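> Below is one structure. I have some questions about it.
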Amino acid sequence: MSDLPRRSARFFRGFRRYARRYIRKNFHAMRIDAGGPLPPSPDGPLIVVMNHPSWWDPMTAVVLSGLMPDARAHYAPMDAAGLRQYRFMEWLGIFGIELNAARGGVVFVKRCNAVLARPESVLWITPQGGFADPRDRPNRFKDGLGRLLHRASNLSVVPLAIEYPFWNDRLPELLVRFGPLIHVGDGASQSAAEWTRRMESVLEAEQDRLAEAARRRDPSAFEVLIGGTAGVGGFYDLGRRFLTTVRGGRF
């Protein structure tokens with residue numbers, strides 16, 4: 001088996017269109033913190049280090065990939081047990097890792113290195129290794145990312161913070177914030193443990209900034225990537241619709 005995960009660019013683009021529609025249906029809006037936009041795409045491979053608060057994270061990543069140049073090829077590791085339930089996701093560039101197996105870390109580094117050997121690659125990683133509340137502190141990562149960066153050279157890393165809070169609508173908001181680009185020239189300049197602690201720190205800083213913006217509930221502090229479904233629904237919107245119609249307006 002090739003170390004490079006299989007991937008269909010055509011299937012990925014089609015799934016991204018589906019993900020946008022699905023997010024539009026299930027969220028009030030998808031918003032990017034105006035203080036943390038995606039940095040300009042660097043030359044060479046890129047790792048996106050993201051927190052992992054929800055089942056929605058893969059769809060969020062797929063939609064955000066549309067902000068990057070079309071030539072980019074996207075990949076992501078996933079718990080092998082979960083991937084076995086959704087085999088179609090392998091065509092998205094998602095590859096399975098046995099999280100609790102002794103060889104899981106070795107396979108993770110091997111397959112990620114195959115991805116990062118290609119300059120067009122983007123590797124999306126949730127190094128917490130499982131779901132975690134976005135307000136949990138301190139961040140704690142599995143050691144795979146640190147080992148990967150220790151052996152890396154000439155690639156870039158960008159942190160990505162994600163939250164799904166409820167504001168004033170029936171449906172939640174999907175909020176994201178990127179951090180500054182980090183260039184890794186010679187990964188061996190830091191130990192694997194030092195890389196792990198550094199990545200925990202930089203992602204936690206962006207999560208804190210996003211959390212503060214989320215608490216303020218100020219839509220003007222965000223740029224809307226996808227406008228979703230508005231209104232509280234049910235009996236409440238039925239009443240609003242009736243009153244608007246009676247007054248000759250349009251709901």
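> If you average 1/r across every pair of different Cα atoms in the chain and take the reciprocal, what Kirkwood value do you get, in Å?
Result for the chain, one decimal place: 19.2 Å.
> Can you give me the accessible area per residue for the chain, using a 1.4 Å probe, in Å²?
Solvent-accessible surface per residue comes out at 51 Å².
> Based on the mean of other Cβ atoms within 10 Å per residue, sort peptides 192-203, 142-153 so the most packed one is first.
The most tightly packed comes first, giving 142-153, 192-203.
> Another one. For the chain, which whole percent of the accessible surface, found with a 1.4 angstrom probe, sits on carbon and sulfur atoms?
With neighbouring chains kept in place, the figure for the chain is 53 percent.
> If I model a spin label at Asp143 and Ala117 as a point 7 Å from the Cα along the Cα→Cβ vector, what separation in nanometres do I get?
2.5 nm
> Output ³J(HN,Hα) for the stretch 145-151: one whole-Hz value per residue in order, computed from phi by the Karplus curve 6.51 cos²θ - 1.76 cosθ + 1.60 with θ = phi - 60°, and x for Gly and Pro.
5, x, 5, 5, 5, 4, 9
> For the chain, what is the calculated [θ] at 222 nm in deg cm²/dmol (nearest 500), taking -39500 (n - 2.57) for each run of four or more DSSP H residues and dividing by its residue count?
Counting only the DSSP helices, I get -11000 deg cm²/dmol.
> Given labels modelled 7 Å from the Cα in the Cβ direction, how far is it in nm from Ala34 to Phe11?
4.1 nm
> Can you grab the distance from the C-alpha centre of the stretch 1-67 to the C-alpha centre of the stretch 134-165, Å, no decimals?
Taking the Cα centre of the stretch 134-165 as reference, the centre of the stretch 1-67 is 16 Å away.
> While we're on this one: Which order do the peptides 109-119, 14-24 take when ranked by the mean count of other beta-carbon atoms within 10 Å per residue, highest first?
Per-residue Cβ counts within 10 Å, averaged per peptide and sorted highest first, yield 109-119, 14-24.
> Could you tell me how many degrees, from 0 to 90 and to the nearest 10, lie between the Cα long axis of helix 104-116 and the main elongation axis, the longest principal axis, of the Cα atoms of the chain?
It is inclined by approximately 80 degrees.
> Using a 7 Å offset from the Cα along the Cα-to-Cβ direction at both Phe88 and Arg209, what is the distance between the two label points in nm, to one decimal?
Each label point lies 7 Å from its Cα, and together they span 3.7 nm.
The values are calculated or read from the model by the stated rules, or taken from the named source; none is laboratory data. These figures come from a predicted structure and were not determined experimentally. Every residue, glycine among them, receives a Cβ derived from its backbone with ideal geometry; neighbour counts consider all protein chains shown. What goes into the accessible areas is simple: the full protein's heavy atoms, side chains included, and nothing from ligands, DNA or RNA. Shrake-Rupley method; radii C 1.70, N 1.55, O 1.52, S 1.80 Å.
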